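Here is the structure we will look at.
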Amino acid sequence: MTDKPLKSVLATDCGSTTTKAILIELVGDSYRLIVRGEAPTTVEAPFEDVTRGVLNAIREVEEVADRKILDGERIITPQEGNVGVDLYLSTSSAGGGLQMMVTGVVKSMSGESAERAALGAGAIVMDVIASNDGRLPHQKIQRIRQLRPDMILLSGGVDGGTTRHVVELAEMLAAADPKARLGTTFQLPVIYAGNKDARDEVTKILGEKTALTVTDNIRPSMEQENLMPARHVIHDLFMEHVMAQAPGYKKLMSWSPVPIMPTPAAVGMIIETIAREQGIDVLGVDIGGATTDVFSVFGRVFNRTVSANLGMSYSISNVLAEASVEKVLRWVPLEVDETDLRNRIKNKMIRPTTIPQTLEDLMVEQAMCREALRLAMIQHASLAVGLKGVQQTRTISDTFEQTASGETLVDLRNLALIVGSGGVLSHAPRRQQAMLMMTDAFLPEGVTEMAVDSIFMMPQLGVLSTVHAQAAGEVFEKDCLIRLGTVVAPWGEGKLGQVVFKARIGDVTREVKLGDIELVPLALGETAKAVFEPEKNWDFGAGKGRPVEKTVTGGVVGVLLDARGRRPFVLPDDRAKRVAALKRWNGAINMYPEESLVTS
Amino acid sequence: MAHSYTPGLRVTGFATMQKTRRLPMKGEVIVAVGAPVKAEDVVARTALPGNVKTVNVANLLGLPPADVPGAMLKPAGSSVGENEPIAQSKSLFGLMKATAKANTTGTIEHISEVTGQVTIREAAMPVEMSAYVDGNVVEVLPNEGVVVETYGALIQGIFGVGGENVGLLSLAVSRPEDVCGADGLGDIKGKVVVVGALADVATIKKAREKGAVAVVAGGISDHDLRQLLGVDLGVAITGSEDLGITVIVTEGFGRLPIANRTFDLLGKLSGHKVSVNGATQIRAGVLRPEIVVPRTNSGEHEKPDAFGGGLTEGMIIRIIREPYFGKLATVTELPPQLMALETEAKVRVLRARLESGEEIVVPRANVEMIEG
């Protein structure tokens, strides 16, 4: 497809509530976003046909772009003159996305590999059942029976190792006789990606009871993780079994020559593409109403996690429950009554479409966002780890007792770019708010560029990248990302008020003291040579007290010099001092309208 | 007098409703199309396969798994009692015997020569599905359940906990803004009791103690909900709580008067038999709690929603977010252009006059329409 010039692409993303369409065209010699349209998703009653919403979104694109794409209910392909498009693609997370259960023999080894394979394929993992997960066999069987996943990934054992444990897991599945979430008549898809020596036995046990697919072992040896074959099977089964059961999807699938991809899998693909093409470590986060997805590439290893109950509307109450009221309110420079806060959050949960009208409400919502992102990042760091069990000369029965964990791959000091997505970040009234929310939540170290996804088109660009990387890359750079600027933060320890580092950015020189932040303007599209000279107890990566030279990138916010400390990050415990610090920071970067800085 | 409701939530005196009553797995339907049913009647039943327990016979007998089938005293398919020997090994000229016993009562389902495990399935658990509402069976879903049709009032709440219940409707307050409290409940055994603007945890517990099957209120405080559930509810997916009582709130969290329209309808239906369900799910496929009041079919149907056309000037609204949360107002202008809020977000707004006379601007996303 890439050897023929592609004039136009229409791509849709069918979300749980909204179906979004974008039109991309070749303008001159590069691809650009032309228009976007959206319409409510129509998977649920009374429509129960996803294509209704897709057609409505496309009609909006037709109107705004003033050009014909549809012939009745058919997308005209290829483009002839100004009519039709050359390619149509779609992603989908409607109907709750892809929900999976995974199994492994050792929870921290094949169990984690299975979890990573499912998450990387865009699934929500409902549970990880492992031989050593501490539950009794009948408890596991009961749990399997309770869950109604879209599919199950059964893994365990290294190739050539003992088959007994993974066969035991297969027997448990057979005893539980689990049912699929959608449809009452078809068999539950089960993927076997464990010890290849157990394939015959597993097929004997599950072949008749389930729709079994056998693929390569995700953990062929202790030292090796091989997730791609299982991920591909998950995508195929998602199309064949899950999507085919959802109303209208058979028709939708027939409209596109490219398979419909789960939305998070497509976002992961674009994050992987950026990291690979620019040779950098990247972190992407998408905070929605119900869930928060975190994607990362550290040292060329891709990871994705989904925090299924951390979000800004449907799940907002769970953010409060998991983070605690104190943790949320530490970001709010105002007096807020706890009972009132709790009722407000619950009312947002049951009326998820309301928006903050007052600054106080906005500050509370942005405080919730920081905590949701922080918690999602903790979950991500705990799963994005090196392989466990490597370089151990133990037998499987020994590794059952193994407690050592693999080191997390998340290395904030090498992180070059953070991309944020989701309404609370992309639609924050001031871009400084998005930048500080992400800075406070992730606490990047060293020199890190930040951006937000303007209108959440990463899913469509992700699926496009599989067939036309150039078009996806150009639109991503020019139309999708809004570059906020760069955060500069050394790590070390010192006393409040002491100078932490001196920054020279182009012609501008600043000295930043511990507990302060400063903003140096550097416009969108500009870069500047910079020298950062840390004091003796502070480090930018070259060693304590040693200066570093960097090229920093500007953006709609600029360069944020952050001397609030890392490990630990300093947020005063005393309420009055904390409120004073928050107001000083907000003032330094012009975060909110001025009057908010004098109220309390 | 103003009446209010949340868009999407139905509050109607006359409607034809169909309730699908589906078994969790295939079973037997015991009523036929056309049969009149009471809410309490069983319409379908099935037996859920029993729990499964495993006995690691290979370990217990110190045998290789492949030898386990040969050591079994009972073949697959046999019934066994708890502690009954199921396998035995012999050694030392047959003198030393090791025995593996069943760890539960059930049927031997599987004997594995790979893992050496024996699977025992316990007795099936009967499950019965009731009609839930008084009505008539209009469809039989073969082996799965039925569709029961009823005619009457439907009041959807905004949030609830606890599952299905049936009882007589009773009002413990005379005005929607009042709160009866734990001491003002009266004789409520077997009843669905309307307690006013707030259901606090003491009132709910007292109502349960006195035998009420459900409590209906305008609001509940998050603090009380946490005490009632024992956990901080993170996501609004409810209905399976085992509370011994169903709780339905019509307006939201905090002390909130029940909307007049809802309260008036509840008042008219006091003494009627009602079916309630607290199950709430606020995600794709929204499910709200409900009060269903079957009535004699007079053929009367309420006019379809008068608000289909959306907001208009002069319409009475209720504001559902700070800083005017819960207040009523009259729409005075619907500016077409986006306007900046105090937060600086540019959104679609409306201008309105509060009952106090104050003129305000609010985002359209933050209001509910109210019938004048």
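Observations on the structure shown:
Each row is one residue, and each column tells you yes or no for (1) surrounded by 18 or more Cβ atoms within 10 Å (Cβ to Cβ); (2) outside the structural domain of B:Val146 (by TED's automatic domain parsing); (3) more than 18 Å from B:Val127 (Cα to Cα).
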site	(1), (2), (3)
B:Val33	no, no, yes
B:Pro36	no, no, yes
B:Ala39	yes, no, no
B:Val42	no, no, no
B:Asn59	no, yes, yes
B:Pro64	no, yes, yes
B:Asp67	no, yes, yes
B:Ala71	yes, yes, yes
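- Selection status of B:Thr280, at the interface with another protein chain (Cβ under 9 Å from one of its Cβ atoms) and crowded, with 16+ Cβ neighbours inside 10 Å: yes
- Contacts under 6 angstrom Cβ, first residue in the stretch A:469-492 being within 28 Å of A:Arg546 (Cβ to Cβ), partner part of a strand (DSSP E or B) and among the hydroxyl-bearing types (Ser, Thr, Tyr), 6 or more apart: A:Thr486/A:Thr553; A:Val487/A:Thr448
- If you go through the stretch B:97-139 and keep only what is over 23 Å from the mean Cα position of the chain (by Cα) and closer than 20 Å to B:Ala47 by Cα, you end up with B:Thr104, B:Thr105, B:Gly106, B:Thr107, B:Ile108, B:Glu109, B:Thr119, B:Ile120, B:Arg121, B:Glu122, B:Ala123, B:Ala124.
- Candidate set: the stretch B:208-237, residues that are assigned to a strand (DSSP E or B) and within 10 Å of another protein chain (Cβ to nearest Cβ); chosen: the one surrounded by the most Cβ atoms within 10 Å (Cβ to Cβ): B:Ile220
- Those residues of the stretch A:194-236 which are outside any helix (DSSP H, G or I), β-branched (Val, Ile, Thr) and over 15 Å from A:Leu387 (Cα atoms), in sequence order: A:Thr210, A:Thr213, A:Val214, A:Thr215
- Verdict on A:Ala170 being outside any loop (DSSP other than H, G, I, E, B), within 11 Å of chain B (Cβ to nearest Cβ), farther than 30 Å from A:Pro247 by Cα and without any contact (Cβ under 8 Å) to a residue 60 or more places away in the chain: yes
- When the stretch B:84-98 is filtered for residues that are assigned to a loop (DSSP other than H, G, I, E, B) and modelled with pLDDT under 90, the ones remaining, listed by number, are B:Leu92, B:Phe93, B:Gly94, B:Leu95.
- Cβ-Cβ under 7 Å pairs, at least 6 apart or on other chains, the stretch A:284-298 side touching a residue at least 24 places away in the same chain (Cβ under 8 Å), far side among the aromatic types (Phe, Trp, Tyr) and assigned to a strand (DSSP E or B): A:Gly284/A:Phe295
- Any hit, the stretch A:563-571, residues being at negative phi and of a type in the set (Gly, Ala, Ser): yes
- Residue match in the stretch B:13-24 (condition: under 30 Å from A:Leu169 (Cβ atoms), surrounded by 18 or more Cβ atoms within 10 Å (Cβ to Cβ), assigned by TED's automatic domain parsing to the domain that holds B:Val148 and not aliphatic (A, V, I, L, M)): no
- The residue that is farthest from the other protein chains (Cβ to nearest Cβ), among those in the stretch A:428-445 that are in contact with a strand residue (DSSP E or B) (Cβ under 9 Å, 6 or more places away or on another chain) and of a type outside the set (A, V, I, L, M), is A:Glu445.
- Close Cβ contacts (under 7 Å, 6 or more residues apart or on different chains) running from residues in the stretch B:178-191 that are touching a residue at least 40 places away in the same chain (Cβ under 8 Å) and closer than 17 Å to B:Ile258 by Cβ to residues that are surrounded by 12 or more Cβ atoms within 10 Å (Cβ to Cβ) and small (Gly, Ala, Ser) comprise B:Val179/B:Gly196; B:Val179/B:Ala197.
- Qualifying residue in the stretch B:252-266 (condition: buried (at least 17 other Cβ atoms within 10 Å of the Cβ), within 15 Å of the chain's Cα centre (by Cα) and of a type in the set (Val, Ile, Thr)): no
- Applying the set (1) touching a residue at least 12 places away in the same chain (Cβ under 8 Å); (2) closer than 25 Å to B:Gly50 by Cα; (3) within 12 Å of chain B (Cβ to nearest Cβ); (4) not in a loop (DSSP other than H, G, I, E, B) to A:His138 leaves exactly one unmet item: (1).
- Any chance B:Ser240 is within 14 Å of chain A (Cβ to nearest Cβ), in a loop (DSSP other than H, G, I, E, B) and polar (S, T, N, Q): yes
- Taken together, the criteria place A:Val390 among residues that are at pLDDT below 85, among the aliphatic types (A, V, I, L, M) and either in contact with a strand residue (DSSP E or B) (Cβ under 8 Å, 6 or more places away or on another chain) or part of a loop (DSSP other than H, G, I, E, B) (or both).
- Segments classed as strands (runs of 3 or more DSSP E), wholly inside the stretch B:101-201, with at least 3 members that are more than 14 Å from chain A (Cβ to nearest Cβ): B:125-130, B:135-141, B:145-156, B:164-171, B:191-198
- Beta carbons closer than 7 Å, at least 6 apart along the sequence or on distinct chains, pair a first residue in the stretch B:222-239 that is within 16 Å of B:Asp200 (Cβ to Cβ) with a second that is among the polar types (S, T, N, Q) for B:Asp222/A:Asn343; B:His223/A:Thr339.
- Of all the residues in the stretch A:107-124, those that are touching a residue at least 40 places away in the same chain (Cβ under 8 Å) and either not small (Gly, Ala, Ser) or not in a helix (DSSP H, G or I) (or both) number 9.
Here's the yes/no breakdown for (1) more than 24 Å from A:Glu360 (Cβ to Cβ); (2) facing chain A (nearest Cβ under 10 Å); (3) in contact (Cβ under 8 Å) with a residue 40 or more places away in the chain:
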{"site": "B:Ala329", "(1), (2), (3)": "no, no, no"}
{"site": "B:Gln337", "(1), (2), (3)": "yes, no, no"}
{"site": "B:Leu341", "(1), (2), (3)": "no, yes, no"}
{"site": "B:Leu354", "(1), (2), (3)": "no, no, no"}
{"site": "B:Glu358", "(1), (2), (3)": "no, no, no"}
{"site": "B:Val367", "(1), (2), (3)": "no, yes, yes"}
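Per-residue answers, yes or no, for (1) in contact with a strand residue (DSSP E or B) (Cβ under 9 Å, 6 or more places away or on another chain); (2) modelled with pLDDT of 95 or more; (3) aromatic (Phe, Trp, Tyr):
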{"residue": "B:Gly190", "(1), (2), (3)": "yes, yes, no"}
{"residue": "B:Val194", "(1), (2), (3)": "yes, yes, no"}
{"residue": "B:Lys205", "(1), (2), (3)": "no, yes, no"}
{"residue": "B:Ala212", "(1), (2), (3)": "yes, yes, no"}
{"residue": "B:Ile220", "(1), (2), (3)": "yes, yes, no"}
{"residue": "B:Ile248", "(1), (2), (3)": "yes, yes, no"}
{"residue": "B:Glu251", "(1), (2), (3)": "yes, no, no"}
{"residue": "B:Ala259", "(1), (2), (3)": "yes, no, no"}
{"residue": "B:Thr262", "(1), (2), (3)": "yes, no, no"}
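- Residues within the stretch A:252-288 that are at pLDDT below 90 and more than 24 Å from A:Val233 (Cβ to Cβ), tallied: 4
The values are calculated or read from the model by the stated rules, or taken from the named source; none is laboratory data. No experiment lies behind these values; they were computed from the predicted model shown. Note that we place each Cβ from the backbone using ideal geometry, even for glycine, and neighbour counts take in every protein chain shown.
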